């Protein structure tokens, strides 16, 4: 299925291909828990930015591998390039206009990222 999504103000919009039944991660690290991010990781080829590239700002920390992109108008982070899957795009499920028919939420221990990141590596592959 093709899902469309956006930031809060709509300046940044995108579409992504994903199944109608998805598994998403609810990470307990500080940035994810404070922003309420639910992680839907897809291969880069399954993601397309439709509008707002000029409105995107990037935030990095720690290793600098993850590229946290957010709308500079409304501050929402609808997607980013994750450290666990730099070959993919991590979409905030909550930023999709329509939700998949079936959603399984899996808790992810991001506070102990180094020990757990390997469990996500397959998500950006086909």
inquiry  = If each DSSP helix of 4+ residues adds -39,500 (n - 2.57) and the sum is divided by the residues in the chain, what number results at 222 nm, nearest 500 deg cm²/dmol?
reply    = -1500 deg cm²/dmol
key: Global form of segment 2-119, assessed from the alpha-carbon gyration tensor, a/c cut-off 1.5   = oblate
inquiry  = Tell me the relative contact order for the chain as a rounded percent, counting alpha carbon contacts under 8 Å between residues six or more apart.
reply    = 32 percent
inquiry  = Of all beta bridges DSSP finds with both residues in the chain, what is the antiparallel percent, to the nearest 5?
reply    = 80 percent
task = Please arrange 90, 26 by counting, for each residue, the other beta carbons lying within 10 Å of its beta carbon, fewest first.
result = 26, 90
message = Once each part is reduced to its C-alpha centroid, what is the distance from segment 1-52 to segment 60-126 in angstrom?
response = 8 Å
request  = If a/c stays under 1.5 just call it rounded; otherwise compare a/b with b/c (prolate if a/b is bigger, oblate if not). Do that for segment 1-52, with a ≥ b ≥ c from the square roots of the Cα gyration tensor eigenvalues.
outcome  = oblate
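Every number in this text was worked out from the coordinates using simple rules, so none of it is lab data. Note that this is a predicted model, so its numbers are computed, not measured. Neighbour counts are summed over all protein chains in view; Cβ atoms, including those assigned to glycine, are modelled from backbone coordinates with ideal geometry.
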